[in-house]
Structure formats: C-alpha cells, structure tokens
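The structure under discussion appears below in the form of structure tokens.
The values are calculated or read from the model by the stated rules, or taken from the named source; none is laboratory data. Just so it is clear, the model here is predicted, and its values are computed rather than measured. Cβ placement follows ideal geometry from the backbone for every residue including glycine, while neighbour counts extend to all protein chains displayed.
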Amino acid sequence: MESRRINSRSRTALEGGARLSALALLLLLSGCELANLGQREVEQPAAVPTIANETLLAYLDTMNGLASADPARQADVFYEVEREYTRAPTTASTLRYAAALVTPGHPASKPADGKKLLETLMATPERMTPAERSLAAVLILETNARLKLEAENRRLLATLDDRGRSQANSDKRVQAQLEENARLRRALAETQQKLDAIKEIEKDLSERSSTPPGNRDTANSETQSSSTSR
C-alpha cells in the first residue's frame, strides 16, 4: 500500500514537473517574442512569427504530443522525432530528440540519455540560437530535478522493501519461537509424567520397606491360607 502511494506521488510530481516545464518554455517563448519586438523595424507586422519562435513551437508541440494521454499519438510523435534525428542528427533534430527523451509520461522516456544529449549540445553553445540555448538549459534543470526525484523514490521503495523483509523475518522468528516454546512445554509435560511415575514407584517401595518383617510373614500366610480355602 505504501509503495503504491509513493509511486502515485512520484507520478503526480513528474506530471506536475512536465506542466511546469511546458509553462516555463511558454514564458521563455513569450520573453523571446517581447525581446524581438524591440528589434523589429516599424514596418514589420507584429503578427509575423520569427524563425526562433517557430523552432520553439516545434519543440513545444513535440513535448505536448508526448505528454498526451493517447498512447498512439505518443508513439507517432516519438517515432517521427527519432527518425529525423537518426537520419540527420543536426543541432535542431538533436535538441528535439533530447527534449523528447527527457519529457516524462511516455514509454520511450529516457531522461538520463536525454540529459547527456543536452549537455553535449551545451558544450558547443555557438551552434545554437539563444532561444535554443535557453531551452536546453531549462530542460537540463528540469531533468536534474526529475532524476533526483526518481532516485529518492527508489530509495524510499528500497527502504520499504527492507522493512518488509525485516518484518517478515521477525514474524518467522516469532513463529519459530512459539513452536519451540510449544515443543518445550510438551517435553516438560512428558518429563513431569515420568517424574510422577517414579514418585509412585518410590512411594510404593517406601511403604513396603516400612512394614515389619513379622507382619509381612503373617500377611503372606494369610494370603496363602485365603488362596487354599478358595
């Protein structure tokens, strides 16, 4: 029961982390848009999306599809991202694939592998746009928190398992002690019966030894006469 509660809390925390990560990315996207507004020329329409925003939206769409409750959609999105990365591992496709790996809530999630890819990308930041660098940094922070949470979850589960085994061993020891006590009680009862039998024999011998010899002969004669008359 405790194990299920821990797993439930862990899943809830991971889902919450995914939502917070998506929110952080949306805020990041909004910040990039506001920063770009100051750099646009007056005649540029405000509604025209920039290349950086389109790239971030692609990453967000990928993470949103993988966080979907539809397993078929999750599989399709991850297959597309993985195929693109395998066919041409560019900076953009690698970042997208890494984002897919660190996104929780789908079967192909591998946060440790995704973190390694993100750290590899951050080793050469000049190959990424400022928005991509910010995205990678946010994903690394979120993944570190997730991995720490999973490690703590495993530690708690291991502690519960140890306690369960310890309790089981304790129960076995108690049962063995009860059985040993019962065996000792039976042995004590048998010994007491033997002692009682020995006491009866000793009592009989004592009574015989306390009868005078003449009385024993008279008693024997009377016994023999009684037998003859019969």
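Among the candidates LEU160, LEU141, LEU121, single out the residue that is touching a helix residue (DSSP H, G or I) at 6+ places or on another chain (Cβ under 8 Å) and at pLDDT 85 or above.
So the residue among LEU160, LEU141, LEU121 that is touching a helix residue (DSSP H, G or I) at 6+ places or on another chain (Cβ under 8 Å) and at pLDDT 85 or above is LEU121.
Name the residue that is surrounded by the most Cβ atoms within 10 Å (Cβ to Cβ), counting only residues in segment 95-110 that are assigned to a loop (DSSP other than H, G, I, E, B) and either at negative phi or free of Cβ contacts under 8 Å to residues at least 12 places away in the same chain (or both).
If we take residues in segment 95-110 being assigned to a loop (DSSP other than H, G, I, E, B) and either at negative phi or free of Cβ contacts under 8 Å to residues at least 12 places away in the same chain (or both), then THR103 is surrounded by the most Cβ atoms within 10 Å (Cβ to Cβ).
If you go through segment 67-92 one residue at a time, how many are closer than 22 Å to MET128 by Cα and in a loop (DSSP other than H, G, I, E, B)?
Summing the residues that are closer than 22 Å to MET128 by Cα and in a loop (DSSP other than H, G, I, E, B) in segment 67-92 gives 3.
Restricting to segment 111-139, name every residue that is charged (D, E, K, R), farther than 15 Å from THR62 by Cβ and touching a residue at least 12 places away in the same chain (Cβ under 8 Å).
ASP113, LYS115, GLU119, ARG127
I'd like the residue in segment 68-79 that is among the hydrophobic types (A, V, I, L, M, F, W, C) and surrounded by fewer than 19 Cβ atoms within 10 Å (Cβ to Cβ) and, out of all such residues, is modelled with the lowest pLDDT.
So, considering only residues that are among the hydrophobic types (A, V, I, L, M, F, W, C) and surrounded by fewer than 19 Cβ atoms within 10 Å (Cβ to Cβ), the one modelled with the lowest pLDDT is ALA69.
Mind checking which residues of segment 144-157 are out of contact with any helix residue (DSSP H, G or I) (no Cβ under 7 Å at 6 or more places or on another chain) and over 18 Å from LYS116 (Cα atoms)?
GLU152, ARG154, ARG155
Could you list, in sequence order, the residues of segment 122-180 that are among the small types (Gly, Ala, Ser) and in contact with a Leu (Cβ under 8 Å, 6 or more places away or on another chain)?
Once the filter is applied, which keeps residues that are among the small types (Gly, Ala, Ser) and in contact with a Leu (Cβ under 8 Å, 6 or more places away or on another chain), segment 122-180 yields ALA131, SER134, ALA136.
Among the numbered criteria (1) touching a residue at least 60 places away in the same chain (Cβ under 8 Å); (2) over 30 Å from ASP70 (Cβ atoms), which one does ARG165 miss?
(1)
Filter segment 80-93 for residues that are of a type outside the set (Phe, Trp, Tyr) and surrounded by 20 or more Cβ atoms within 10 Å (Cβ to Cβ) and give the result.
Across segment 80-93, the qualifying residue is only VAL81.
For segment 67-94, how many residues meet the condition of being closer than 21 Å to PRO125 by Cα, free of Cβ contacts under 8 Å to residues at least 40 places away in the same chain and among the hydrophobic types (A, V, I, L, M, F, W, C)?
The qualifying residues number 1.
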